[in-house]
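Worksheet: one structure, shown below.
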Ligand SMILES: NC(=O)c1ccc[n+]([C@@H]2O[C@H](COP(=O)([O-])OP(=O)(O)OC[C@H]3O[C@@H](n4cnc5c(N)ncnc54)[C@H](OP(=O)(O)O)[C@@H]3O)[C@@H](O)[C@H]2O)c1
């Protein structure tokens, strides 16, 4: 398959390019230097002139605080650009896979959110991503939105990798203990995407592991336990719970409960989706061997 991946220098995009190439696909990676998604005529030209069987868009203005500072640019990149991608993919009858976020939810209630649950974003990032979803859904394109959360296990380090590095250096870890979601291992996400490119479902899919919602503090505690179990650490560590309200550096308001239910994705995959803790053990275990 010929596949375009925009945002190819990002955490998700970079890993997808590597994985899909490894799986034998011909991938055209497009980073911001190749194609600025805020420049819509250039995007349209690329969409119409390149040869591809599927277009994957993990590119985004992904920092909620940056989106708060520049809502207009955030709307162009996160909503208008994917709308244009969906429009041209429909005209070409080409499959379009777009990435979105658990931040489309307001996160007021405990528990897990299903695909049909009401979106109620609290900040410009979530609002722009929701606008991108709605544009795709109303475009008539053969297209799916993959909502993801707390992705780790890619080349671009995330909270899990930062946590591992601090623990390895004997440094204390401070982590928010009153905000819940479910962390997603990039190797699993890559395999799901590879499968979805074959089956090409439409609509919204929650692409996350199974298991109970966890806080960043809970993840840090799990990382410590798993590192010890794998002989990557000895001794105790100081893992300090903090409160979201005390995170003074956040500009954008964050939703509290955004863990997602994965039943729809699960019904489309040939194998059951593992619990987040099992996936974390696999990723950290691979680190030990590597
Ligand atoms: N990672 C997570 O935990 C997480 C959680 C929830 C949702 N998501 C969603 O998953 C998707 C992938 O996220 P990610 O973690 O891979 O984000 P990321 O690491 O920030 O990557 C996003 C990529 O988009 C590119 N980009 C931004 N503005 C652009 C523009 N104007 N033109 C072209 N490219 C542009 C960035 O380019 P530069 O490298 O040049 O900045 C970056 O490489 C996004 O839709 C995000 O909203 C991710």
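At a glance:
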{"quantity": "The range 53-68: number of residues that are closer than 27 Å to residue 18 by Cα and buried (at least 16 other Cβ atoms within 10 Å of the Cβ)", "calculated": "10"}
{"quantity": "Qualifying residue in the range 97-105 (condition: more than 8 Å from the ligand (Cβ to nearest atom) and more than 19 Å from residue 204 (Cα to Cα))", "calculated": "no"}
{"quantity": "Tabulated pairs, the range 73-100, first touching a residue at least 60 places away in the same chain (Cβ under 8 Å), second part of a helix (DSSP H, G or I) and within 12 Å of the ligand (Cβ to nearest atom), C-beta under 6 angstrom, 6+ apart or interchain", "calculated": "100/129; 100/133"}
{"quantity": "Looking only at the range 109-125, and only at residues there that are over 20 Å from residue 262 (Cβ atoms) and either modelled with pLDDT under 95 or touching a helix residue (DSSP H, G or I) at 6+ places or on another chain (Cβ under 6 Å) (or both), the one that is nearest to the ligand (Cβ to nearest atom)", "calculated": "125"}
{"quantity": "Subset of the range 21-31 (residues that are surrounded by 14 or more Cβ atoms within 10 Å (Cβ to Cβ) and either away from the ligand (no atom under 16 Å from the Cβ) or assigned to a helix (DSSP H, G or I) (or both))", "calculated": "21, 23, 25"}
{"quantity": "Residue 240 being surrounded by fewer than 17 Cβ atoms within 10 Å (Cβ to Cβ) and in contact (Cβ under 8 Å) with a residue 40 or more places away in the chain", "calculated": "yes"}
{"quantity": "Test: residue in the range 11-20 that is in contact with a strand residue (DSSP E or B) (Cβ under 9 Å, 6 or more places away or on another chain), in a loop (DSSP other than H, G, I, E, B), more than 14 Å from the ligand (Cβ to nearest atom) and closer than 24 Å to residue 206 by Cα", "calculated": "no"}
{"quantity": "Leading residue by the ranking (nearest to the ligand (Cβ to nearest atom)) among those in the range 126-140 that are more than 14 Å from residue 80 (Cβ to Cβ) and in contact (Cβ under 8 Å) with a residue 60 or more places away in the chain", "calculated": "126"}
{"quantity": "Exclusive hit being in contact (Cβ under 8 Å) with a residue 40 or more places away in the chain, in a helix (DSSP H, G or I) and out of contact with any helix residue (DSSP H, G or I) (no Cβ under 8 Å at 6 or more places or on another chain), set 224, 217, 195", "calculated": "217"}
{"quantity": "Some residue of the range 32-51 being away from the ligand (no atom under 11 Å from the Cβ) and part of a strand (DSSP E or B)", "calculated": "no"}
{"quantity": "Output for the range 21-34, where each listed residue is out of contact with any strand residue (DSSP E or B) (no Cβ under 6 Å at 6 or more places or on another chain) and farther than 16 Å from residue 99 by Cβ", "calculated": "22, 23, 24, 33, 34"}
{"quantity": "Criterion violated by residue 54 - all others in (1) within 12 Å of the ligand (Cβ to nearest atom); (2) under 16 Å from residue 146 (Cα atoms); (3) in contact with a helix residue (DSSP H, G or I) (Cβ under 9 Å, 6 or more places away or on another chain) satisfied", "calculated": "(1)"}
{"quantity": "Residue check for residue 149: in contact (Cβ under 8 Å) with a residue 40 or more places away in the chain and either within 30 Å of residue 90 (Cβ to Cβ) or away from the ligand (no atom under 13 Å from the Cβ) (or both)", "calculated": "yes"}
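The values are calculated or read from the model by the stated rules, or taken from the named source; none is laboratory data. Everything quoted here is computed from the prediction, not taken from an experiment. Note that each Cβ is placed from the backbone with ideal geometry, even for glycine, and that neighbours are counted across all protein chains shown.
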